[in-house]
Amino acid sequence: MSLIFDVKRYAINDGPGIRITIFLKGCPLSCVWCHNPESIEKRVEKLFTRSKCIGCKACVERCENHACTLTKEGILTDTNACLLCGKCAEVCPTGATQMSGMQYPIEEIMAIIKKETLVMDQSEGGVTFSGGEPLFHHEFLVKLLDECGKEEIHRCVDTTGFTSAKKLLEVASRCEHFLYDLKVMDDEKHKQYTGVSNAQILSNLQLLASTDVNINIRIPLIKGLNDDDENIHQTALFINALHKKPLMVNILPYHSIAQKKYEKLGRIEKFIKMEEPDIACQKRVISLFESHGIKAMIGG
Amino acid sequence: MQSIKEIIGKVETNTVAERAACEQGNFYEPINNNAIGPGMNERIQKLRKLSFEAIPSISIERALHQTAFYKENLGKHSTPVLRALTFLDHCEKKSLYMGENELIVGERGPKPKAIPTFPELTCHSVEDLEILNSREQQPYTISQEDIDIYAKEVIPYWKGRTQRERIFSHVPIEWKRAYEAGVFTEFMEQRAPGHTVLDGKIYKKGMLDFKKEIEAHLDSLDFMNDPEATDKAEQLKAMSISCDAVIVFANRHADLAEQKAQSEKNPQRKKELEKIAAVCRRVPAHAPRTFHEAIQMYWFVHLGTITELNGWDSMNPGHFDQHLAPFYEKEIKEGTLSREEAKELLSCVWIKFNNHTAPPKVGITAKESGTYNDFTNINIGGVKIDGSDGVSEVSYLMLNVTEELHLLQPGTSVHIAPKTPNKFLNAACKVIRQGHGYPSVFNPDTYIMEMVGMGKSITDAREGGCSGCIEVGAFGKEAFLLTGYLNVPKIIEITLNNGIDPLTGKVAGIKTGDPREFKSYEELYEAFLKQLHFVVDQKVKVSNYIDRMFAKYAPAPFLSVVIDDCIQKGKDYYDGGPRYNTNYIQCTGLGTVTDSLSTIKKHVFEDKTLSMDKLLTAVANNFEGEEKLRQTIINKTPFFGNDDDYADAIACKVYDDLVKAIDGKPNIKGEYFHLNMLSTTCHIYFGKVMGAMPNGRLAHKSISDGTSPSHGCDIKGPSAVIRSLTKLDHTRSGGTLLNQRFLPSLLKRDEDIIKLGQLIRSYFTLGGHHIQFNIVDTATLRAAQQAPEEYKDLLVRMAGYSDYFNDMNDDLQQEVIDRTENESF
């Protein structure tokens, strides 16, 4: 079962032109800085925004399993009793309770994507599949890419690269553009902060660079974690050794906006505030890449 | 991983905003990076400062001249000739103003932002003048001495004789009821019908040439066979006199400039004054030969028309860049003009526009007033009469001047046809990014089709464009009169109350049945249509009546000279003289109406989760104690602007029915009414006179503007909005309006600018008429509310016009803040 947790139209930072970005739920990594914490779990999750709750008890009355209780802190959900059926969100008048993760038939997703046809045509944009990790839903993704291909829609995939070489190539043969994350070169650090080794990610990128697809490399820049000269230097060396250069290295400065999302998920204890890179730091990183002959810029 | 836009937003506040148009022709060294418009030279900085800081005031001079002249001469001449003679009399006597540093000369009043009154149309009472002098928002100063003179000399004469009194003594009770309930407004009760835009003829002919044409037509009148010949003769005589009036006015400026030149010590200024004198001797009597003369020519014609009467939306130069380009190109080639000089002259006339604040209304309090803006709208770019690309160097200069001067007036719009180069579109988007509100963006393909659909020739349609907010017209050939705004949501409200205005309990419409008895959505919709047709018919009848009053009592001979085919027909601008004569009713609130109908259709009739009684009771009680219901409606109903076919189909049906109700209703000139969709600031007033609506909008809050979605209800981003909007067939209207608010972070990088341009091209390819962007962040707006002094030049674009944030009242300010912020992360 593949779930979509968001669809973003007029996406102007997710690849060339104006795009529609489809966010697939589920990710094999668990980066400590993740700003889409609702994207990690593959299953449906319940989000609660306290500021929107008017205490009307619609959900309390609706829930057949008595999982919802109105407290001073808003609605408290007993996760043991909750079946994630979503009926509470259906009756919530303000949208304080929402379910993250919806199942869509392929045709329905295509209908949504096709609404953007003219804007995509005018701007040489297209569709971007993001996540989570879209390759986590390999079969579903391949189907969607094939459908988009039939419509001659420009396809882009935003990936962590953490997948098998076979799956990666299957996807690469069905799209025109990749947004490929490189988080940190030191494997120990990578394991520590993302939960997985980067060996597969790096070898996959080498493989991908030998195909036709265009590649942008994206680096989430976190102060004190991966902004050091050594890491940037190693990243640049790796990039320069690739079969072909990426179109651009996009530096995405870390931000703590996701705190609210962790609150909504009821997982605020999982939120670890990292340090935001200041402008001097961002500039230093850009010029380091440039000194290696690599084009880099702030933002997607 | 998603991108991180809010960081980009933060970065932006730390850097000095890029001066986009600099690349397109910024010639002067910046004084410092924080100065407004670093490209302005010293002269322009001084003139701008003077204009910017001038406090609007009322000048009673015109009223005194007018009154004295009427006392002496009423009954001695035909009405048109009397009107022309009063105009001549005023041009002969009025105080002139010629400021230091000016290159383009002439003011309507005795100094910048001194506004005359027009007592023959509407006469301010002492109380009106006192309120205008003391109100907090948009005051107009006037001395006690002047109020006393006004009370003694002006008011007693005009009592019972004004156009406004004549109108109100004749309107039927049904009209009065609807008007008082706020179902519509009536433009022509406050000011003369306006919306006048010029084509290129005044750059080819001088007033003496027009006089020759007039003489020829006078000579050819057939008194033997034409029963109207006498009337035509009087009209033509009046036109000829009015030509003399502007020549006299210009010559007086020439005299003054010569006088000043004689005593001027500074040799450079002396030369300038001599040049001004020479230019004023040449134009408007003769056709202009140079860039300088062409601009001064326009300016005298502009002043003439806004002094003769106070038509709505001032006067407009139309495709100003296209008119000036031949002069510019010739002089640049010959070496008699530099780009710097051209830019300076354009800046001078831009400041002149800004000096001309809108005339203050009568019988109106500060609460109902909205702006100093008099809505001149300069069209830049677009296509030429032959269909070719209209962009020239002058177009870029105008963008540059607009950006640097950052003034309330004139409004500018860019016109983006498929053949318009991306370079121009991107340059315009960079000016939009500055967040000054201007320019708004129009689609010539659509508006040309709109005009051709209304019967204009293709060339006349191409010469046309947009004026005021978004209204289309054939420039120089059409009287397209706006007759008033129609409060479509109020018609829903009245329908839901069986013809009664729930705010007053008074009758405002007709009986169409108690909605609690309705068995289907269709039954309710039918009732709405009955009310709509009733209201529109009332409005049309009275508008036609008023229209005729202007033809009869307040003709505009000077305006008639410059609009085809008034001279040929021997008829006044208000009497069917122009080649085309259109009356518009401006509808507003499509979003509010759609969302309200969607609520009823879905929850009451389809899902049956809500009874009509419960909904109407909640609405009547302004949703008090029904927040759960209100939130359910807001969050669980398909609303307009989200590319949702359920809601958009309702919008299309309503729009279609508005077209059916209005389009083709006869006006008094043998032509027709059409609709357009806009509201300027009227949606605020309309909201005030309304209770809550079924879409969850609370009582007295503003309704949606023009064809924009309800405020804050377009949550799927701009590409969804443009899809919703273009499900309507824009070509069947005389203009639609779409406001989109963007936070600066969406336009941080040059790629973002290009994407904004692509969004605009997408909207226009889909058939959109107009779009405008408000690029501003909420924090800035809140800060501006707290410390207005520090944000004096904060210009905000909304509802088809621009304003200074601090000159808007609290409600308008709140509205700007409430609009959806399209930040997509």
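Since every read-out is calculated from the coordinates, none of them should be taken as a lab result. Given the structure is predicted, the values throughout are model-derived calculations rather than measurements. Note that each Cβ is placed from the backbone with ideal geometry, even for glycine, and that neighbours are counted across all protein chains shown.
Report the semi-axes of the equivalent ellipsoid for the range A:45-98 in whole Å, largest first, where each axis is √(5λ) for an eigenvalue λ of the Cα gyration tensor.
The equivalent ellipsoid of the range A:45-98 has semi-axes of 15, 11, 10 Å.
Pop a pseudo-label 7 angstrom from the Cα along the beta-carbon direction at both A:H292 and B:V126 and give the gap in nm to one decimal.
Result: 8.4 nm between the two label points.
If you restrict to DSSP beta bridges whose two residues both lie in chain B, what percentage is antiparallel, to the nearest 5?
In chain B, approximately 30 percent of DSSP beta bridges are antiparallel ones.
Using the crude model of +1 on Lys and Arg Cβ and -1 on Asp and Glu Cβ, and no other charge, please compute the dipole size for the protein assembly as shown relative to its Cα centre, in debye to 20.
420
Just want the ordering: A:V91, B:V391, from fewest to most Cβ atoms lying within 10 Å of their own Cβ. Mind dumping the intermediate values first?
Details: A:V91 19, B:V391 27.
Fewest to most other Cβ atoms nearby, the residues stand as A:V91, B:V391.
Which of A:F23, A:F129, A:F140 moves most in a GNM of chain A, Cα contacts under 10 Å?
A:F140
Using Cα-Cα distances under 8 Å and only pairs 6 or more residues apart, what relative contact order does the range B:171-303 have, in percent?
RCO, the range B:171-303: 27 percent.
List the residues, sorted by chain then number, that are 5 or more residues from A:G266 or on another chain and whose placed amide H is less than 5 Å from its amide H.
Correct list: A:F48.
What pairs in A:K52/A:K115; B:K205/B:K352; B:K423/B:K755; A:K46/A:K167; B:K212/B:K569 have C-alpha atoms more than 19 Å from each other?
Over 19 Å Cα-Cα: A:K52/A:K115; B:K205/B:K352; A:K46/A:K167.
Which net charge results when you count Lys and Arg as +1 and Asp and Glu as -1 among the other residues whose beta-carbon is under 14 Å from that of A:D146?
-3
For chain B, what is the mean residue ellipticity at 222 nm derived from helices alone (per DSSP H run of n ≥ 4: -39500 (n - 2.57); sum divided by total residues; nearest 500 deg cm²/dmol)?
-14500 deg cm²/dmol
For A:E275, which sequence-distant residues (separation of 5 or more, or a different chain) have an amide H within less than 5 Å of its own amide H, given hydrogens modelled in the peptide plane?
Result for A:E275 returns A:K223.
Could you order the peptides B:144-154, B:529-539 from most to least packed, using the average number of other C-beta atoms within 10 Å per residue? Display every interim value, and only then the final one.
Details: B:144-154: 15.0, B:529-539: 20.8.
Answer by packing, highest mean first, reads B:529-539, B:144-154.
Tell me the label-point distance for the pair B:R161, B:E517, using the 7 Å Cα-to-Cβ offset, in nm and rounded to one decimal.
Between B:R161 and B:E517, the simple spin-label model gives 5.4 nm.
Write down the percent of antiparallel bridges among all DSSP beta bridges whose residues are both part of chain A, to the nearest 5.
So the antiparallel bridges in chain A amount to around 35 percent.
Give me the tail of P(r) for the protein assembly as shown as a percent: Cα-Cα pairs with distance above 53 Å.
The share of Cα pairs beyond 53 Å in the protein assembly as shown comes to 26 percent.
Take the alpha carbon atoms of the range B:388-412, find their center, do the same for the range A:237-283, and report the distance between the two centers in whole angstrom.
41
Using +1 at the Cβ of each Lys and Arg and -1 at the Cβ of each Asp and Glu in the range A:45-98, identify which of A:A89, A:T79, A:C56 lies farthest towards the dipole's positive end.
Of the options given, the answer is A:C56.
Given B:K511/B:K653; A:K166/A:K245; B:K361/B:K701; B:K159/B:K506; A:K183/A:K295, which pairs have Cα atoms separated by over 19 Å? If you can, show how the numbers build up before the last one.
Details: B:K511/B:K653 23 Å; A:K166/A:K245 22 Å; B:K361/B:K701 23 Å; B:K159/B:K506 30 Å; A:K183/A:K295 17 Å.
Distance filter (> 19 Å) returns B:K511/B:K653; A:K166/A:K245; B:K361/B:K701; B:K159/B:K506.
Remind me, relative contact order of the range A:45-98 in percent, using alpha carbon pairs under 8 angstrom and six or more residues apart? Mind dumping the intermediate values first?
On the way: 79 pairs, mean separation 25.7, N = 54.
The normalised contact order for the range A:45-98 reaches 48 percent.
Of the candidates A:C156, A:C68, A:C34, which one comes out as most mobile in a Gaussian network treatment of chain A with C-alpha springs shorter than 10 Å?
Fluctuation is largest for A:C68.
Taking the Cα centre of chain A as origin and charging only Cβ (+1 Lys, Arg; -1 Asp, Glu), how large is the dipole, in debye to the nearest 20?
540
Per DSSP helix of 4 or more residues, -39500 (n - 2.57); summed, then divided by the residues of chain A. What does that give at 222 nm, rounded to the nearest 500?
The per-residue figure over chain A is -9000 deg cm²/dmol.
Enter the mean number of other protein chain beta carbons within 10 Å of the beta carbon of each residue in A:115-125, as an integer.
Mean partner shielding for this stretch: 6.
Karplus couplings for the range B:104-117 from phi (6.51 cos²θ - 1.76 cosθ + 1.60, θ = phi - 60°), rounded to Hz, Gly and Pro as x?
Those phi angles translate into 9, 10, x, 10, 5, x, x, 7, x, 6, 9, 9, x, 10 Hz.
Non-local amide H neighbours of A:V157 (under 5 Å, H modeled in plane, Pro and chain starts lacking H): which ones?
A:F129, A:H177, A:F178, A:L179
Using Cβ contacts closer than 10 Å as the measure, can you line up B:R108, B:R43 from fewest to most?
Neighbour counts put them in this order, fewest first: B:R43, B:R108.
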